[in-house]
Amino acid sequence: MTDEAGRILREAWIVGVAKHYPGEPKPGYVADWDELPAWQRETDADVFEAIERGGR
C-alpha cells in the first residue's frame, strides 16, 4: 500500500463526487488527502491496489 496509490484514488473520488453528487457535498466527501484520518488513507490505497489487480 502506498500513499501515491491512495492519493490517485482520492483525486478520482473527488472528481466523481463533483460530477455526480447533487448539491453541496459534505466536507468529508471532498477532503484533501492530508485531511483524511489514517484509516481512510489506508482504505483508499487498498481500494486502488484492488482495482489495479483487477478486483482480486
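Values computed for the structure shown
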| read-out | value |
| --- | --- |
| Extension gain, Ile51 back to Thr2 (0.36 nm per residue minus Cα-Cα distance, nm) | 16.3 nm |
| Solvent-accessible area per residue for the chain (1.4 angstrom probe, square angstrom) | 76 |
| Viscosity 0.692 mPa s, 37 °C: Kirkwood-radius Stokes-Einstein D of the chain over Cα pairs, µm²/s | 282 |
| Degrees separating the helix 3-20 axis from the principal Cα axis of the chain, which is the longest one | 30 |
| Heavy-atom accessible surface of the chain: percent carbon and sulfur, 1.4 Å | 56 |
| The chain, relative contact order [Cα under 8 Å, separation at least 6], % | 59 |
| Cα long-axis angle, helix 38-52 against the chain (0 to 90 degrees, to the nearest 10) | 70 |
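The values are calculated or read from the model by the stated rules, or taken from the named source; none is laboratory data. All figures in this text were calculated on a predicted structure; none of them were measured in a lab. Surface areas here come from the heavy atoms of the whole protein model, side chains and all, with no ligands, DNA or RNA. Shrake-Rupley method; radii C 1.70, N 1.55, O 1.52, S 1.80 Å.
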